[in-house]
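Here is the structure we will look at, set down as structure tokens.
Bear in mind that the values in this text are calculations on the coordinates, not laboratory data. Source: prediction; values computed, not measured. We place every Cβ from the backbone using ideal geometry, glycine too, and count neighbours over all the protein chains shown.
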Amino acid sequence: MSVKNRIPSTLYKLALLAAVSGGLYLTVFDRVEGFKALSLRYFTIQSNILVALALLYFLIYPENSRFRAIVRGSVLLSIIITGLVFHLLLVPQSSELFVRGIDLPGHLTHTVAPLGFLLDWALFDRKGQMRPADLPFWTAYPLLYWLFSIVQGARTGFYPYFFMDLGRLGWGGACSWLAVLTAVFLLIGALLTGADRLLGRAAGR
């Protein structure tokens with residue numbers, strides 16, 4: 001990254017980090033309840049934490065590398081999933097959100113974080129670094145999260161999301177949801193790598 005681009009990139013990342021950190025704080029801490037440990041089980045919180053850690057890493061090590069591209073792709077896929085699942089699956093299932101609307105923490109963690117991290121990649125990363133071979137690394141965390149949540153839910157009865165609930169769906173229904181979501185993960189990953197390659201070729205001309 002050139003010195004000319006490093007200043008706006010740094011300022012943007014600091015602003016996005018502040019927004020993501022604020023969303024996490026407002027979601028995880030409550031004035032009455034204090035620290036809500038149960039919230040850490042949600043993919044939303046974990047993926048936002050990954051965004052915050054990735055931004056810190058990019059700020060400390062601004063140079064482009066293959067490892068940076070794998071980190072970017074993995075976290076970008078996870079936070080895009082967070083935004084899409086929330087707005088397309090969870091909001092339609094919640095009548096409360098239609099009545100009172102999405103609150104500030106909800107927007108920071110489900111809207112600002114996904115769009116902001118995607119825009120950070122689009123504006124400041126050198127393109128042409130992502131590879132289709134990176135997809136197994138990108139999808140590893142969402143799939144491990146699903147497996148862990150299913151196993152824990154079978155023991156405790158707590159499922160973070162309705163499409164994991166074995167009590168309602170059974171193994172067949174839960175695995176069907178997993179198959180659909182995995183296909184969506186791979187599609188998003190393919191679109192990202194394709195866009196990265198096209199932008200990289202355009203920048204090289």
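Go ahead and run the numbers for FRET between R131 and T111, Cβ-Cβ distance against an R0 of 30 Å, rounding to 0.05.
That gives a FRET efficiency of 0.55.
Just the Cα atoms of segment 91-179: what Rg and Dmax do they give in Å?
Cα only, segment 91-179: 17.2, 46 Å (Rg, Dmax).
Specify the angular offset, from 0 to 90 degrees and rounded to the nearest 10, of the alpha carbon long axis of helix 113-124 from the longest principal axis of the alpha carbons in the chain.
10 degrees
Going from the alpha-carbon gyration tensor of segment 54-144, what semi-axes, largest first and in whole Å, does one get by taking the root of 5 times each eigenvalue?
Taking √(5λ) for each Cα gyration eigenvalue gives 29, 15, 10 Å.
For a quick check: sort M164, M130 by the number of other beta carbons within 10 angstrom, fewest at the front.
Result, fewest neighbours first: M164, M130.
Give the order of R131, R201, R31, R72 when sorted by the count of other beta carbons within 10 angstrom, beginning with the fewest.
Listed from fewest to most nearby Cβ atoms, that is R31, R201, R131, R72.
Any idea what the dipole of the chain comes to, in debye rounded to 20, about its Cα centre with Lys/Arg Cβ at +1 and Asp/Glu Cβ at -1?
That gives a dipole near 680 debye.
Work out the charge dipole of the chain with +1 on the Cβ of Lys and Arg and -1 on the Cβ of Asp and Glu about the Cα centre, then indicate which of F148, L118, L90 is farthest towards its positive end.
Final value for the positive-end residue is L118.
Per-residue ellipticity at 222 nm for the chain, helices alone: DSSP H runs ≥ 4 residues times -39500 (n - 2.57), over residue total, nearest 500 deg cm²/dmol?
Calculated at 222 nm, the ellipticity per residue is -24500 deg cm²/dmol.
Post the alpha-carbon centroid distance, segment 31-87 to segment 119-193, in whole angstrom.
14 Å
I'd like the Kirkwood hydrodynamic radius of segment 16-109, using the inverse of the mean 1/r over distinct C-alpha pairs, in Å.
With all distinct Cα pairs of segment 16-109 included, I get 14.5 Å.
Using the number of other C-beta atoms within 10 angstrom as an exposure proxy, rank L77, L169, L147 with the fewest first.
L147, L169, L77
Please label the shape of segment 3-204 as rounded, prolate or oblate, based on the square roots a ≥ b ≥ c of the eigenvalues of the alpha-carbon gyration tensor (a/c under 1.5 means rounded; beyond that, a/b larger than b/c means prolate, else oblate).
Cα axes put segment 3-204 in the oblate bin.
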